[in-house]
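What follows is a set of notes on a single structure, which appears directly below.
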Amino acid sequence: MAEINDKIEADMVDQKDAPASVAPDGPAIASMNMIQALNSALDVKMAEDPTVVSYGEDAGYFGGVFRVTDHLQKKHGLNRSFDAPISESGIVGTAIGMAAYGLRPVVEIQFADYIYPAYDQIVSEAAKMRYRSGGQFTTPMVVRSPYGGGIFGGQTHSQSPESLFTHIAGLKVVIPSNPYDAKGLLTAAIEDDDPVIFFEPKRLYNGPFDGWHEKPVSPWKAQELAQVPTGKYVEPIGKARVMKEGADVTILAYGTMVWVALAGAEHAGVDAEVIDLRTLVPLDIEAIEASVKKTGRCVIVHEAPKTSGFGGELSALVQERCFYHLEAPVARVTGWDTPYPHAFEWEYFPGPQRVADALKAVMTGGR
Amino acid sequence: MKNTPTLSLRVPEPSGRPGDTPDFSHLKLDEPGAVARPDVSTTPAEMRDHAFRLIRVLDDQGKAVGPWDPKLDPETMRRGLKAMILTRAFDDRMHRAHRQGKTSFYMKCTGEEAIAVAQGMILSREDMGFPTYRQQGLLIARDYPLATMMNQIYSNAEDPIKGRQLPIMYSAKDYGFFTISGNLGTQYVQAVGWGMASAIRGDDKIAITWIGDGSTAESDFHSALTFAAVYRAPVILNVVNNQWAISSFQGIAGGLETTFASKGIGYGLPALRVDGNDFLAVWAATQWAEERARTNQGATIIELFTYRGAPHSTSDDPSRYRPGDEHEKWPLGDPIARLKQHLIGLGEWSDAQQEEAEKEAVEKVRAAARESEAIGTLGQSRPSVKTMFEEVYATEDWRLVEQRREVGV
Ligand SMILES: Cc1ncc(C[n+]2csc(CCOP(=O)(O)OP(=O)(O)O)c2C)c(N)n1
Ligand SMILES: [Mg+2]
């Protein structure tokens, strides 16, 4: 049950002997977990672009509590990778100043649950800088933060606050679900000229987690999406990934829930098309529309609470654009409208059983 | 032509990293008894110096010296010593319980026991305490049932907060212990509001709150100082400077430029800086601040200078960022050893009694663990699932009713 600790210790062990940085004469492709892939993206960009800096609480010398910024200080210097005071508003506020100056800061908020002190800086400042200054000042910056549950972290280490940011004009919101996308998307986010909120599903750091929590954790190694180029590449922001093609129903998911959706479809024995949105803003509306028009059914899965969650937006879009193709009402499988409770991790977490139930309901609930 | 230098960024670094010999030679430590004790009605401006000195009572031989000696009766000191011993025994046991897979998380306060224990004894349960996760000593000094603390740590069926919070995020209203938030700093300013409320109502209760050195960087800390000064709120504002914030040394929070106590000066608050490992100094400074608060003279900020002896939490490994033996080399020693030495010097305690007290503490903790573990450890026992949907609001709306039904409870 000591899951947080195991996770963090596992991260440390994984990272200790295998700094996932570019070795000029090393292999072109390496098997990486998500932490190593993110680390590699930062390392490659910092080597290539002297304006990229990385900082956050414990993110300098120690390399972050999840080790995502490990070795960066040693390799790129104190000036480019450093520890920040425990002030999320300070971290984001200074990043805005740096971005306006012309740097490309990538800051870490230790847990997404601690991003709220920075909310004003993100919402009122970073998001609106370009618009309000008539393009004179811009904020090309990335706010990285581990998010989501499944690690017995209680209400302050488990939240999924993405919809608080998708609601804000001027922000991009990116959530990868695997090492390959994590590196390619983080690279794209750093190169993006607008502020990007980059949420990292912490439950996936060490392996794809399908929500069957009693099963042993599987490592990334076995996965194709963990074979990651050691050099630079970009996965474009705004493009979804079809994780699995299917004919009968479209599942829209992101982050940890992509893996849960795949497991739920398998459990239900339904031929589902699973779409990993990867970017919530801007959204790949074409991919969504094409899939739902093909299948005629849609189930949306996220871990965040239901009310005003991003699923509400997705559901409205599907209804607006695919209404005459729908065979059944759009369904949502989400976290409950409660805080994230420590003791009830697996009743709160929308697991594959709930996804399967929703799929079956959608399949039988035709008109 | 430009004749200014190229600008460069200063990033503070600690005096030692893994593999280095701990070096505390930069610390300016006043001699025990050297700092004057101002009258409680002294203006902040008149006592500016206290923010930069270090109030110490116990000397290296364990004698109480100087104007801050609170002249406690031996029985009170024995109670304090026993509560510190019990706190340490409890921490050790629960840290082990985590290792044994009985819970998900734990945090110790090793080396910092004097702070919460002394302050918990001075104030009453009517005075609300707004603690961080390192003031478990407050509950223990007030004889809160250890088994109930464990029930919270195990999120079991008897957890008073129904399995909702991470282990150690206790809430004990009747013991003057506010519900702990995982979000750093938020409660510091709430304590000021609580004190203001007591003043608004013409009451006689005061508030006390704690924050870590690292967390003083949060805006809420600064809001708290502003409100406390403006409204002369009856509150004691503690900064527990244990030198570390996870892997960041206190210089990352601004501790190289000035002291944490001195942060109060800019806000017009009286500030005391105290040896946090000296039970008697903590006691005396807290009493000073208490008297000030109770007599309508407002808030005091107290920096408690100490050292975080344990890892930050069960998820942390300090050997990756600080010299391994820094704790043993801490020049201000250990709070339990120092109070013990003092009592022995007075002829009020002995090594045998100490040994007995330690055994007794371990036994008390063991008995509590038996009681709590009979109910169940994490996952073996828990409150009923339907409580997950309760107390989100005073009354559930249709969404929660529907969602609860969906879970089938
Ligand atoms: C708002 C917020 N940001 C970050 C964290 C993560 N965090 C938990 S404890 C901690 C270090 C706190 O250090 P300090 O204030 O010195 O207290 P100590 O742990 O030393 O008692 C951090 C960064 C948090 N809990 N809340
Ligand atoms: Mg600290």
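Numbers below:
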read-out	value
Cβ-Cβ under 7 Å pairs, at least 6 apart or on other chains, segment A:99-123 side farther than 23 Å from A:Q155 by Cα and more than 16 Å from ligand 1 (Cβ to nearest atom), far side part of a loop (DSSP other than H, G, I, E, B) and open to solvent by 50 Å² or more (accessible area, probe 1.4 Å)	A:A100/A:F137
Subset of segment A:320-362 [open to solvent by less than 60 Å² (accessible area, probe 1.4 Å), within 13 Å of another protein chain (Cβ to nearest Cβ) and part of a loop (DSSP other than H, G, I, E, B)]	A:W336, A:D337, A:T338, A:Y340, A:P341, A:H342, A:A343, A:F344, A:F349, A:P350, A:G351
Flag if A:R367 is basic (K, R) and at pLDDT below 95	yes
Number of positions in segment B:260-306 that are among the β-branched types (V, I, T) and closer than 18 Å to B:V230 by Cβ	3
Residue match in segment B:380-393 (condition: in a helix (DSSP H, G or I), within 14 Å of another protein chain (Cβ to nearest Cβ), exposed (fewer than 14 other Cβ atoms within 10 Å of the Cβ) and of a type in the set (F, W, Y))	no
Single residue of segment B:5-38 satisfying the filter (without any contact (Cβ under 8 Å) to a residue 12 or more places away in the chain, over 26 Å from the mean Cα position of the chain (by Cα) and open to solvent by 90 Å² or more (accessible area, probe 1.4 Å)) that is farthest from the other protein chains (Cβ to nearest Cβ)	B:P5
Scan of segment A:112-125 for residues that are within 23 Å of A:P201 (Cβ to Cβ) and in contact with an Asp or Glu (Cβ under 9 Å, 6 or more places away or on another chain), ordered by number	A:A112, A:Y114, A:I115, A:Y116, A:P117, A:A118, A:Y119
Residue in segment B:212-232 that is within 16 Å of ligand 1 (Cβ to nearest atom), in contact with a Gly (Cβ under 6 Å, 6 or more places away or on another chain) and assigned to a strand (DSSP E or B) present	no
Checklist (1) charged (D, E, K, R); (2) open to solvent by 80 Å² or more (accessible area, probe 1.4 Å); (3) without any contact (Cβ under 8 Å) to a residue 40 or more places away in the chain applied to B:K364, failing item	(3)
Scope segment B:16-35; condition farther than 10 Å from B:L54 by Cα and in contact with a Pro (Cβ under 8 Å, 6 or more places away or on another chain); matching residues	B:G16, B:R17, B:P18, B:G19, B:D20, B:T21, B:P22, B:F24, B:L27
Some residue of segment A:181-192 being within 14 Å of chain B (Cβ to nearest Cβ), open to solvent by less than 10 Å² (accessible area, probe 1.4 Å) and not in a loop (DSSP other than H, G, I, E, B)	no
Answer from B:I265, B:I246 - the residue that is touching a residue at least 24 places away in the same chain (Cβ under 8 Å), assigned by TED's automatic domain parsing to the domain that holds B:L72 and within 12 Å of ligand 1 (Cβ to nearest atom)	B:I246
Spans of helices (runs of 4 or more DSSP H) in segment A:1-97 with at least 2 residues closer than 21 Å to A:Y147 by Cβ and at pLDDT 95 or above	A:34-48
Subset of segment B:117-146 that is within 16 Å of ligand 2 (Cβ to nearest atom) and touching a residue at least 60 places away in the same chain (Cβ under 8 Å) - its residue that is farthest from the other protein chains (Cβ to nearest Cβ)	B:Q135
Checking A:H71 against (1) in contact (Cβ under 8 Å) with a residue 60 or more places away in the chain; (2) more than 12 Å from chain B (Cβ to nearest Cβ); (3) of a type outside the set (F, W, Y); (4) under 25 Å from B:T314 (Cα atoms), the condition it does not meet	(1)
Residue list for segment B:233-243, filter: open to solvent by 10 Å² or more (accessible area, probe 1.4 Å) and either without any contact (Cβ under 8 Å) to a residue 24 or more places away in the chain or away from ligand 1 (no atom under 16 Å from the Cβ) (or both)	B:P234
Residue under evaluation B:R273, criteria (1) within 19 Å of B:H222 (Cβ to Cβ); (2) open to solvent by less than 10 Å² (accessible area, probe 1.4 Å); (3) under 16 Å from the mean Cα position of the chain (by Cα), criterion not met	(2)
Residue check for B:A157: of a type outside the set (D, E, K, R), more than 16 Å from ligand 1 (Cβ to nearest atom), within 11 Å of another protein chain (Cβ to nearest Cβ) and surrounded by fewer than 24 Cβ atoms within 10 Å (Cβ to Cβ)	yes
Counted residues, segment B:233-258 - those being assigned to a helix (DSSP H, G or I) and over 17 Å from the mean Cα position of the chain (by Cα)	3
Segment B:171-187: number of residues that are touching a helix residue (DSSP H, G or I) at 6+ places or on another chain (Cβ under 7 Å), more than 12 Å from ligand 1 (Cβ to nearest atom) and open to solvent by 10 Å² or more (accessible area, probe 1.4 Å)	2
Test set (1) open to solvent by less than 30 Å² (accessible area, probe 1.4 Å); (2) within 14 Å of the chain's Cα centre (by Cα) - B:T103 fails condition number	(2)
Filter result (of a type in the set (D, E) and outside any helix (DSSP H, G or I)) within segment B:335-373	B:E348
Boolean, A:K221 is modelled with pLDDT under 95 and part of a helix (DSSP H, G or I)	yes
Enumeration of residues in segment B:244-268 that are away from ligand 2 (no atom under 14 Å from the Cβ) and open to solvent by less than 10 Å² (accessible area, probe 1.4 Å)	B:A261, B:G264
Residue among A:V65, A:V53, A:V44 that alone is under 21 Å from A:Q121 (Cα atoms) and either open to solvent by less than 30 Å² (accessible area, probe 1.4 Å) or within 13 Å of another protein chain (Cβ to nearest Cβ) (or both)	A:V53
Single match in A:E245, A:E191 (criterion: in contact (Cβ under 8 Å) with a residue 12 or more places away in the chain, farther than 29 Å from A:Y348 by Cβ and over 19 Å from the mean Cα position of the chain (by Cα))	A:E245
Tally, over segment B:207-242, of residues that are more than 14 Å from chain A (Cβ to nearest Cβ) and within 16 Å of ligand 2 (Cβ to nearest atom)	4
Residues within segment B:316-334 that are hydroxyl-bearing (S, T, Y), open to solvent by 20 Å² or more (accessible area, probe 1.4 Å) and part of a loop (DSSP other than H, G, I, E, B), tallied	0
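The values are calculated or read from the model by the stated rules, or taken from the named source; none is laboratory data. These numbers come from a predicted model, not from an experiment. Quick reminder, even Gly has a Cβ in these numbers, built from the backbone with ideal geometry, and neighbours come from all protein chains shown. Quick note on the areas: whole protein, heavy atoms, side chains included, nothing else; ligands and nucleic acids left out. Shrake-Rupley method; radii C 1.70, N 1.55, O 1.52, S 1.80 Å.
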